[in-house]
Amino acid sequence: MHLSDRQKLILTLIIHEHIHTAQPVGSKTIVEKYDLTMSSATVRNEMAVLTDVELLRQPHTSAGRVPTEEGYRFFVGNLIQKSGLPTNTRRTITHQFYQSRQDIEQWLKLAASVLANQSQAASLVTAPHSEKAIFKHLELIATRGRQVLMVLVLVGGEIRQQFISLAEPVPQEQLSQIANQLSHLCLRQDIQGISRLQGQLDPIGQEILEILLAEMSLIEESATGEIYLEGMTNVLSEPEFSESDEARQALHILEEPSMLENLLASTMMNTDVGGIQVLIGGEGTWEELRQVSLVLARYGDPKTLTGSIGVLGPIRMPYDRTISTVRFVANVLSDLVSETLAV
């Protein structure tokens, strides 16, 4: 779509103003607030053109204009200023991550908190996850009766814990011996490699091996790692969410792991590490997201572990700052994964 420089300016100013006020924007407001050299009549004429091409709409007669979904898409794709975060903000965020650099769970909670606070919206962060499960270490801890806590560590640092029930009670000493044996035999093996051990172990070792293989298969089938959420109250206070049940229901997608996994799998499949995806109004695909926008990024090391981060908010979210924040946090997490986990 071709717009004149004046039309681009007016569209940009209307979007900025609507993001700030959540109200329709009139020509007089634009001229006076932004000290334009053109008249209100000229601005109104250009607003009419932008309405005809469906980048703006008029909620009701004699009201100002508000951006349409297509208007926001044009803004994000063509007009948004690709500026970074302020230097002081970048330093503060980097320092916070530096203080927790040895604790992956702390990174992820911090990333969710930073995204929510900087964007004043809801944030999501998925733990780094490998498409191919490679064994690193196993712990077996006796709890009660036949129940055992199995702790599986994968190459790259992903950890899975689950309680398993064995055919008979097994003392801790024997469990530790089995765990050490499997840790030695399975080190840096994938599912195919570990499967070759079947039939070579005693009955209890074989039982645990089968449970281990089943867990690794589940890990490979999973589209994401553990999900961290923050900032739900931020968006619930916005007019779009306080006045619309439909908009509030969009938040449920963040609380439904299967729906969120499907969303991330389909939207981030072809996104490179560091790349940004912006979904405005569900992009005609996700009906549940028709009232909101999502800014998503992929982080990590593409050869070993990757995860996703994102921000969900009203369609009138401040895209320039939100995109800059998501991109910066994704880059910080990528560096941490490369330095700490991707070995």
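Bear in mind these aren't lab numbers, they're just calculated from the coordinates by the rules spelled out. Fair warning: this is a prediction, and the values are worked out from it, not measured in the lab. Using ideal geometry, Cβ is built from the backbone for each residue, glycine included, and neighbour counts are taken over all protein chains shown.
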Exercise. Let a ≥ b ≥ c be the square roots of the eigenvalues of the Cα gyration tensor of segment 223-300; is it rounded (a/c under 1.5), or, if not, prolate (a/b larger than b/c) or oblate?
Worked result: prolate
Seminar exercise, completed: With 0.36 nm assigned to each residue of separation and the Cα-Cα distance removed, Met269 to His137 gains 44.6 nm
For this session: Extending each Cα 7 Å along its Cβ direction at Thr340 and Ser217, get the distance between those two points in nm, one decimal.
Result: 3.3 nm
Exercise. How much net charge surrounds Leu149 when only the other residues with a Cβ under 14 Å from the Cβ of Leu149 are counted, with Lys and Arg +1 and Asp and Glu -1?
Worked result: +1
For this session: Could you tell me which of rounded, prolate or oblate describes segment 5-79, using a ≥ b ≥ c as the square roots of the eigenvalues of the alpha-carbon gyration tensor, with rounded for a/c under 1.5 and, failing that, prolate when a/b is larger than b/c and oblate otherwise?
Result: rounded
Exercise. At what distance in nm do the modelled label points of Ser4 and Glu246 sit from each other, each positioned 7 Å from its Cα along Cα→Cβ?
Worked result: 3.5 nm
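In what sequence, highest mean first, do 137-150, 12-25 appear when ranked by Cβ atoms within 10 angstrom?
Values: 137-150: 15.6, 12-25: 18.6.
Descending mean neighbour count gives 12-25, 137-150.
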Seminar exercise, completed: Each label sits 7 Å from Cα toward the beta-carbon; between Met259 and Gln200 the label points are separated, in nm, by 4.7 nm
Exercise. Exposure proxy check: Thr126, Thr29 ranked by fewest other beta carbons within 10 Å?
Worked result: Thr29, Thr126
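At a threshold of 8 angstrom on Cα-Cα distance, excluding pairs fewer than six apart, so keeping six or more, what relative contact order does the chain reach in percent? Could you put the intermediate results ahead of the total?
Numbers: 552 pairs, mean separation 66.2, N = 343.
Here the relative contact order equals 19 percent.
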